[in-house]
Structure formats: structure tokens, C-alpha cells
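Below is one structure, written out as C-alpha cells, with a few remarks after it.
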Amino acid sequence: MIPLVLLPGLLNDADLFRDQVAVLADIAACTVADLTRGETLDALAESVLAEAPETFALAGFSLGGYVAQEIVRRAPERVTRLALLDTSIRPDGQDRAATRRALDKAVRIPGRFHGFGDRLLATYLDPAHLDDAAIVARIRGMTERLGAEVFLRQNAIVRRDGSETLRSLTCPLLVLCGASDAVTPPAMHREMAALAPGARLVIVPGAGHMTPIEQPEAVAEALRAWLREP
């Protein structure tokens, strides 16, 4: 069995990867890390490394992708293969930083915390899934379980440039995103894949940013192929 550490994104818990964990149980011993406590990429990376096996495959989604890059910077000899899902190697630009500040302000308004209102959710999902009650319920379930405090902590984490990390990568790399991902678009993932020789790029049709939930079988299939790469 291949040890596989899965890193969820902002306001995500282990439910994000529940389908992949189930489908890959014949090939991978999966662990979903808790990224809700640290306040920096450094702290999150150290917490994952402290709990992880000596060597392991590593897959990071969204914020988890940034943490995965930090882990590779710190301990490249422990990571046997890397998957970056619906994420980026870019630090926040001015527009993204302004969006984060606006979201922080909205979260601090008294009242029940929903995490993702309809307007924000529309940027995270493929249009075909906006009215899918099961998908929407899973996403909102995670955000409500984790709450405003976790959101504010994770949203404040400084995202670092990961281009040199990918250029120096020597292990198999999977780069995957939804075809309609508006948060971290396919163009970003093509840029990432181009930096690492031999990287495998997968663009998943019928998915926005939340590919593990929107197209669970396609994500599991891509991860299986990546785990089997020599």
C-alpha cells in the first residue's frame, strides 16, 4: 500500500476527499491532514510532516496545494510523488488580496456563518452544479463545521511563489483542475505543468474549483494513474 497524504483546502475537512479515499483503498493508505490550526504555511507544513510516514505521496487541493509546495521545499526526500489539485504557485496579487480582505470583513458581520453564500459559491462550482443539492450541501456542511475562526485564520495565510519548487522537482507530478475553475483557472495549471519536466496535466470536464466533489470518479482515476507511475 502506498502512503498517501491528502491536504484539503480553505474551509475543507476530510469530507472533501471521502470518495477518493474509498476508491483508492485498494492501492493507497490515505490520511487527510488537518490544516485548520496553523497560522502560516511553515506551521502547517511542519504539522503535516510531524504526523506523516517517513516517505509518502502527497496531494494538495487549493490551499492544501500551497502547503504541499512548502512541504516539498522543506523535505523533498520524503515526498515520493506530488499532486497539485485546483491550486496555484502564485502569491496573491493585489486583486486577490483585496478580495480576501473583503471576505474577512463580511465574515466578521454578526450572524450565522455560512462560509459560502450563493454569490461566492457560484465562483466555486461549474454552472451545472449550482442547483445540485447534494454537492452544495457537502460544501456548506464543511464550511459550517469549521466556522468563521478557521476561515479567518486560513484566509490570512500568506501564499508563496512555488515556481522554483516545481522547477527543481524530481518526483512524478500530477497537475489537475476543473475545466471551468474560475478560482485557479486551467491556464494557471498549464503554467505549473510546464515548469516540471514530465508533469501530467489533467483538465476535468464538468467541474469548477471543487473537482474532488464535483467529479469524484475522474479525480480518483487521475490519482490512481499518478500513484502507479514509476
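Structure notes:
- Largest-first principal axis extents, alpha carbons of the chain, Å: 50, 33, 31
- Per-residue packing, averaged as other Cβ atoms within 10 Å, sorts the ranges 31-43, 74-86 into the order 74-86, 31-43, beginning with the highest.
- Gain upon complete extension [Arg145, Glu221; 0.36 nm per residue less C-alpha separation]: 24.5 nm
- For region 169-175, Karplus couplings with θ = phi - 60° (6.51, -1.76, 1.60), whole Hz, Gly/Pro x: 5, 10, 8, x, 10, 10, 10
- Compared with the dominant principal axis of the Cα atoms in the chain, helix 41-51 is inclined by about 60°.
- The angle between the Cα long axis of helix 216-227 and the longest principal axis of the Cα atoms of the chain comes to about 30 degrees, rounded to the nearest 10.
- With each label modelled as a point 7 angstrom along the Cα→C-beta vector, the Ala25-Thr55 pair spans 2.7 nm.
- Couplings for region 192-197, taken from phi via the Karplus curve 6.51 cos²θ - 1.76 cosθ + 1.60 with θ = phi - 60°, read 5, 4, 5, 7, 10, x Hz in order; Gly and Pro are left as x.
- Note on the chain: GNM, Cα springs under 10 Å; of Pro127, Pro186, Pro172, the largest mean-square fluctuation is that of Pro127.
- Using a Förster distance of 30 Å, the FRET efficiency for Thr170-Glu191 (Cβ separation, nearest 0.05): 0.95
- Placed amide H near Val202: partners under 5 Å, 5+ positions off or other chain: Val175, Leu176, Cys177
- Rounded to the nearest 10 degrees, the inclination of helix 133-155 to the longest alpha-carbon principal axis of the chain is 90 degrees.
- Mean-position separation - Cα centroids, region 34-77 and region 121-143, in angstrom: 26 Å
- Interchain or long-range residues, amide H under 5 Å from Ala182's placed H: His209
- Taken about its Cα centre, region 108-230 carries a charge dipole of about 400 debye when Lys and Arg each add +1 at the Cβ and Asp and Glu each add -1 at the Cβ.
- Around the amide H of Ala29, modelled in the peptide plane, lie the amide H atoms of Ile2, Leu4, all under 5 Å away and 5 or more residues distant in sequence or on another chain.
Read-outs: derived from the displayed coordinates by stated rules, not from any lab. What you see is a predicted model; the values in this text were computed from it and never measured. Here Cβ is always computed from backbone atoms with ideal geometry, including for glycine, and neighbour counts include all displayed protein chains.
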